[in-house]
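Report on the following structure.
Computed from the coordinates by the stated procedures, all read-outs in this text should not be read as laboratory data. Keep in mind that this is a model prediction, so the values were computed, not measured. Ideal geometry is used to build each Cβ from the backbone, glycine not excepted, and the neighbour counts take in all protein chains shown.
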Amino acid sequence: MKKLCLLGLLFYSTGILFAQPKPQSSSEIYQNIQKLNTVGNAMYVAAHPDDENTLLIAWLSKEKKVRTAYMAMTRGDGGQNLIGSEQGEYVGLLRTHELLEARKIDGGEQYFSRAVDFGFSKQTDEALSTWGKDKILEDLVYQIRKFQPDVIINRFPPDARAGHGHHSASAVLSAEAFDAAADPTKFPEQLKTVGVWQAKRLVWNTFNRGFTNTEPTDGPYIKLPLADYSPLLGKSYSEIAAEARSKHRSQGFGSAPTRNERYDFAVNIKGESAKEDLFDGIDLTWRRIQGGEPIGKALDAILAQFDFQNPSKSVKGLIEVYKAIEKTPESIYKTNKLSECLNLILACSGIYCEANAATNMISPGQTLKVFATAVNRSNLDVKIENFKIYGAASKDSTLTKTLAYNKSLDFAIDTKIPINAAITQPYWLNEKPEKGIYKVQDEKFRGLPMAPDALWAEFTLNILGESFKYTHPIKYKYTEPSLGEIYKYLEIRPEIMINLDQKVYIFADNKPKKVSVMVKSNVANLNTKVKLNLAAGWNYEPKEIEVSFTEKNQEKPVFFTVTPPSTSSEIEIKASASTSNGTFSKSVKNIKYEHIPELNVFPEATARANRINLLKKGQNIAYIAGAGDEVPESLKQIGYDLTNLNETTIKGNLSKYDAIIVGVRAYNTEDWLVNAQNTLFEYVKNGGNLIVQYQTQAFYGTVKTKELGPFPITIGRGRVTEENAEMKVLRAADPILNTPNKIDAKDYDGWIQERGLYFAEKWSDKYTSVYSIKDTGETEQEGSLLYTKYGKGTYIFTGLSFFRQLPAGVPGAFRLMANLISFNKK
């Protein structure tokens, strides 16, 4: 008899979105049979990637053995990146995959709302207003109704104790969603696809700094013994949690495992209070399902008779369990448990099935070769009956072949990609977001970390006389000699991709600039014509450039000369390439790190161009790059000759530099910088100009805060998150605001995300403060820009967010930075 095809189950799993299920040891199989015998769900709710308590998620999934989800309000788009240059939606994509890698370790699943992380927020109301409270509440209610958690767990309290407006907003939304999910009058349009759901309780996973097990005083609570040791896994849950948390590399959250008791607390917020256990009053057995009690008894028997030396003895019993689950009423448990049970049948029988593409990139209309393999590593009677590909045009392959013990069956099939196939793209980036929220047109993707893969392979297997359909995504697999076997997403790409060489072009005068466009073909033997599209007043030549390709993946650069107008102007440059199949306007953005799968995104081939009025003094500058630092490229745009300093070159002659600039958080990322302080101060003393951008006090290493500048200066956590906050000038005649550019109110327009962060908190009276700024309702802060004379030179500290403004092409930020670099120059 034919069994359920698991393609429909994919929307309920995150681990299956990237690769083949990980092979399981006998102890893991045993634990997963225990999990199959547990019928319950829990949902953890917080604001950003890395907010989640990986220890609690691991404990819920692997000790309590309930299906566990982490619902993050955002993808962390507003966060910084300690390991690369990605910002905005690209760091959000990176952090999405860091979460997916963490969930593979701690056993949870990952979901999101549509909220955009717009950076640090001090107020709950600001977060809710920017996101659009009702829309994000709708997302959370939908996910609760879909996932049906018995217990919802908040990471944060709903007030200022949360330390971030996004944090507290997640708690506010969670409390409202707890009630709204059970109310049929709330978001009734959702009831076409999901039903109302009332969770048993909502708790706050309270904690204290240092996790010293201090008991809360907020109300009824229970203790959660999270760090127990699992003999089946050979690890404590705290060790597993450290591995998971260490996947958040972009945020510098590598964690050392602890091997000691650890208690967290669950404070009751809503619903029935727990007395002894987080799942008090909740039946986590198969008895909660109509007709499910015999399933539980059957699984008890399988567990009692489990043979760790020969797990295949459990296959016959698991097949009977699978058939019994099929007969239960439709429910979320049925869907999920069928998937769990099938994976256990394959694991116990040692069956390995996989289909991989011959290439990692293909274009619509092209033919793709897929290589498939199946192997049976048990003595069970297993046959492969059929093979099919979803998402492309191909015929079913009827095989009806027996899989002999440990002998792989390998075959290949050609499949044609539909001419109207969509290119591979993170679904939430298909359109420009509205303020605070991503647009998601396809409802079936809502909440998912990524859209399901474009192509899927379906193996029909006959195991002990019963037929099952096993479906998994088609990937590209290759071997890297230094790393071993690596999987990549199979990408459907445009046939032509065009990349401008800069995100922003700054014209400090009306002289023309060369604009380079890299043209890449995804199809062999292709001719194309490339051109630019500019607004009136801007000119470029030549008007069109013809390019021919003989091979797939061939790249060729073309060059245009762009001339700006004589007056200030800001435009968007658009590039396009035409072939016989149409006009293409996508670029390709690569994100590649060891700890996540390689990612490619295909945004529109556009760049900003700004003609600004800017004067500067000095030409040669040196730069010590910090975390994810794109400022050096921005400074080259306005004509500076820039040298990157490192541990070796800083020992050379520094007097030739008109200024030395220290990048954001360079003291966090460059250990050698600690020992270079005296060298930098000597440079200033002898007439140099040293500009230090924001640093964080927590990561100075051996550098004390008073040593950051030549005179005592302490960095705090002060910041101004309102990008349009008034910039009150303390001394209108201050030369830093008047030479060589006269800085006025217009120069503070158009700033993005924030004014600045990690301002100076205390400083010697030898420093001069330039600005007084604040967020609404707060006190003025004067530590955003300070300078002092030291010897013959000048030391400048600034917490203003040049690292965001310059790459974004904000004119006033360029003019102000030029003044800092020019300071005290004749």
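Numbers below:
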read-out: Helix 811-822 vs. the chain, principal-axis angle (Cα, 0 to 90°, nearest 10); value: 60 degrees
read-out: Cα-based shape type of the range 491-608, given that a ≥ b ≥ c are square roots of the gyration tensor eigenvalues and the cut on a/c is 1.5; value: oblate
read-out: Centroid-to-centroid separation of the range 124-165 and the range 414-446 [C-alpha atoms, Å]; value: 25 Å
read-out: Mean Cα-pair separation over length for the chain, i.e. relative contact order, pairs under 8 Å, 6 or more apart, %; value: 10 percent
read-out: Förster-model FRET efficiency, 22 Å R0, S548 and N420, C-beta, rounded to 0.05; value: 0.25
read-out: Pairs beyond 19 Å (Cα-Cα), from K146/K223; K104/K488; K556/K636; K316/K469; K617/K742; value: K146/K223; K556/K636
read-out: Shape call, the range 80-130: gyration tensor on alpha carbons, a/c limit 1.5; value: oblate
read-out: Nearest-0.05 FRET efficiency for Q309 and K395, computed from C-beta distance (R0 41 Å); value: 0.45
read-out: Rounded, prolate or oblate (a/c below 1.5 giving rounded, otherwise prolate when a/b exceeds b/c) for the range 569-693 by Cα gyration tensor; value: oblate
read-out: Between 0 and 90°, nearest 10: helix 133-147 axis offset from the chain longest Cα axis; value: 30 degrees
read-out: Per-peptide average of other Cβ atoms within 10 Å, ordering 304-313, 520-529, 433-442 highest first; value: 520-529, 433-442, 304-313
read-out: Cβ charges +1 (Lys, Arg) and -1 (Asp, Glu), total dipole of the chain, debye; value: 1180 debye
read-out: Sequence ranges 97-105, 40-48, ranked by mean other-Cβ count within 10 angstrom, highest first; value: 40-48, 97-105
read-out: 10 Å-binned pair-distance histogram of the range 40-281 (Cα, whole percent); value: 8, 32, 39, 18, 2
read-out: Potential extension, W672-T258 segment - 0.36 nm per residue separation minus Cα distance; value: 146.1 nm
read-out: Förster-model FRET efficiency, 45 Å R0, T402 and S129, C-beta, rounded to 0.05; value: 0.10
read-out: Highest-first arrangement of 78-89, 752-763, where packing means the average Cβ count within 10 Å; value: 752-763, 78-89
read-out: Helix 165-180 axis, angle to the chain major axis (alpha carbon atoms, nearest 10°); value: 30 degrees
read-out: Gap separating the Cα centres of the range 364-396 and the range 249-292, nearest whole Å; value: 40 Å
read-out: Rg and Dmax [Cα atoms of the range 352-492; Å; Rg one decimal, Dmax integer]; value: 17.8, 59
